[in-house]
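These notes concern the structure reproduced below.
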Amino acid sequence: MLRQTLLTLAASDRVRDLVTRLPVSSAIVTRYVPGESTEDAVRAGRRLAAKGLRLTFDHLGEDTRDERQAEATVAAYLDLLAALSEAGLTADAEVSVKLSAIGQALPEIGAKLSLENARRICRAARDAGTTVTLDMEDHTTTDQTLATLRELRMDYPETGAVLQAYLRRTEDDCRALAHEGSRVRLCKGAYDEPASVAFSSRADVDRSYVRCLTVLMAGAGYPMVASHDPTMIRIAGALATRFDRAPGSYEFQMLYGIRPEEQRRLASTGERVRVYVPYGREWYGYLMRRLAERPANLTFFLRSLISKK
Ligand SMILES: Cc1cc2nc3c(=O)[nH]c(=O)nc-3n(C[C@H](O)[C@H](O)[C@H](O)COP(=O)(O)OP(=O)(O)OC[C@H]3O[C@@H](n4cnc5c(N)ncnc54)[C@H](O)[C@@H]3O)c2cc1C
C-alpha cells in the first residue's frame, strides 16, 4: 500500500521538483547513487572491484521522448565503456541499459531506434571486451524488450536479459530463455503493476521467484540471481548444489548501497557477486523506486528533504 502510494507520488511533478532540488551529495542520494559523472562511476567501480566484486553500470535516465536525449544516453555509454577499458575494468564490468532511455518510447520509430542504439552499445561493449544486459521496465514494454533482445542476440548472443518474478508470464519466459549461453537476470520487479499481469502479495512474488529460479538453475543458461532477500539467496545456493552448478556458472547481483556487507560476505565464500552501479543526473525515478521498496527509508528521506543536505 505504502509502496504503491510512493510510486504514485513519484509520478507527481511537484514531488519531483522538490526532490530533485536535493543535491546529489545528499546522504539519501549517495547511498544509492555514487555520483553523476563517468569519473564518479569509474571511481566507485574501482573501489568495489578492489573488494572482489564485479560490476554492472547503469547510466540513469528512462522514458525519454526526445531523440537527442536518447543520443546523449548512447554517447554516455560509449564514453563509460572507453573509460572502463582505460581503467582496466572491463573483465569485471559490464553495462545495463534501459531501452526507454535510448528511444523505445518514441512514437512510431521507438522500436527501430532503440534497437539501433542498443546495437551501437553492444558493439562498443564487445570491442571493450565486455557485455550488455537489457534492464526490464514496466509490463507494457516486456514484449518489445524481449523482441529487441532476440534481434540483438543474433549478432551479440552474449547480451543479457532481465525477467521479473512478479509478472505472471515470467515462468514461461524463463523456460524460453534457459538455454545454452543465455544470461538471464532474475529480479522480483520494481514497478507498480496491475493484478491482471502481476502477483501482488509478497508471498506470491517470492513463490514465483523460486519457481523461476528453479527453471533457470536447472537449465543450460547463466542465471544471475538479483536479490537482497536472504531467503532467495539461500535458496539460490541450494538450487546451485542440487543442479550441480560449478562456481562461476551463475552469479549473485545486488544494487549499489544495499546490503554491502552481504555482497562482500558472499564474494568471500567464493561466489561470483556483481554490484549494479547506477550513476548520472537522472537519479530521481531510480531513487523513488528504491525508497518505495523500503518504507523504513522514508523517515531518513523526509529528514533529507527538510534539511536539504
Ligand atoms: C542487480 C539488480 C538489477 C535489477 N534490475 C531490475 C530491472 O531491470 N527491472 C526491475 O523491475 N527491477 C530490477 N531490480 C529491482 C528488483 O526488481 C527489486 O525491486 C529489488 O531488488 C528489491 O527486491 P529484493 O529481491 O531485494 O527483495 P525484497 O524482499 O524487496 O528485499 C529483501 C531485503 O533487501 C533489503 N532491501 C531491499 N530493497 C532495499 C532498499 N531499497 N533499501 C534498503 N534495503 C533494501 C532489505 O533488507 C530487505 O528486507 C534489480 C535488482 C537488482 C539487485
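The values are calculated or read from the model by the stated rules, or taken from the named source; none is laboratory data. This one's a predicted model, so the numbers in the text were calculated from it and none came from an experiment. When we count neighbours, we look across all protein chains shown, and the Cβ atoms used for this are built from the backbone with ideal geometry, even at glycine. These area figures cover heavy atoms from the full protein model, side chains too; ligands, DNA and RNA do not enter into them. Shrake-Rupley method; radii C 1.70, N 1.55, O 1.52, S 1.80 Å.
Quick notes on this one:
- Between the stretch 100-167 and the stretch 4-78, the Cα center-to-center distance that results, in Å: 19
- Antiparallel %, DSSP beta bridges [both residues in the chain], to 5: 5
- Probe 1.4 Å, accessible area per residue of the chain, Å²: 45
- Applied to the stretch 74-79, the Karplus parametrisation 6.51 cos²θ - 1.76 cosθ + 1.60 on θ = phi - 60° returns per-residue 3J(HN,Hα) values of 4, 4, 5, 5, 5, 5 Hz, with x for Gly and Pro.
- Mean Cα-pair separation over length for the chain, i.e. relative contact order, pairs under 8 Å, 6 or more apart, %: 25
- Evaluated with a Cβ-only charge set (Lys, Arg +1; Asp, Glu -1), the chain carries a dipole of roughly 1100 debye about its Cα centre, given to the nearest 20.
- Where trypsin sites (Lys or Arg not before Pro) fall in DSSP loop in the stretch 120-212, at most 16 other Cβ within 10 Å: Arg168, Arg169
- Summing charges over neighbours of Ile109, with a neighbour being any other residue whose Cβ is under 10 Å away from its Cβ, gives -2 when K and R count +1 and D and E count -1.
- When the chain is reduced to its Cα atoms, the Kirkwood hydrodynamic radius in Å: 19.7
- Exposed-loop-free span, longest in the chain, where GluC sites (Glu not before Pro) count as exposed if DSSP calls them loop and at most 15 other C-beta atoms lie within 10 Å: 181-309
- Beta bridges by DSSP in the stretch 145-229, antiparallel share as percent, to the nearest 5: 10
- Dipole magnitude of the stretch 26-82, debye to nearest 20 (Cβ charges: Lys/Arg +1, Asp/Glu -1, about Cα centre): 540
- Prolate/oblate/rounded label for the stretch 1-78 (Cα gyration tensor, a/c 1.5): oblate
- Ligands, DNA and RNA left out, the accessible area of the stretch 1-130 computed with a 1.4 Å probe is 49% carbon and sulfur.
- Cα-centre dipole for the stretch 100-198 with unit charges at Cβ (Lys and Arg positive, Asp and Glu negative), debye to 20: 280
- Couplings 3J(HN,Hα) of the stretch 34-40, computed from phi: x, x, 9, 9, 4, 4, 4 Hz, in residue order, whole Hz [Karplus 6.51 cos²θ - 1.76 cosθ + 1.60, θ = phi - 60°; x for Gly and Pro].
- Hz values of 3J(HN,Hα) by residue in the stretch 221-235 - Karplus curve (6.51, -1.76, 1.60), Gly and Pro given as x: x, 10, x, 10, 8, 9, 7, 9, 6, x, 5, 5, 5, 5, 5
- Amide H contacts of Leu255: Tyr276, each under 5 Å away and 5 or more positions distant or on a separate chain (H built 1.01 Å from N in the peptide plane; Pro and chain starts excluded).
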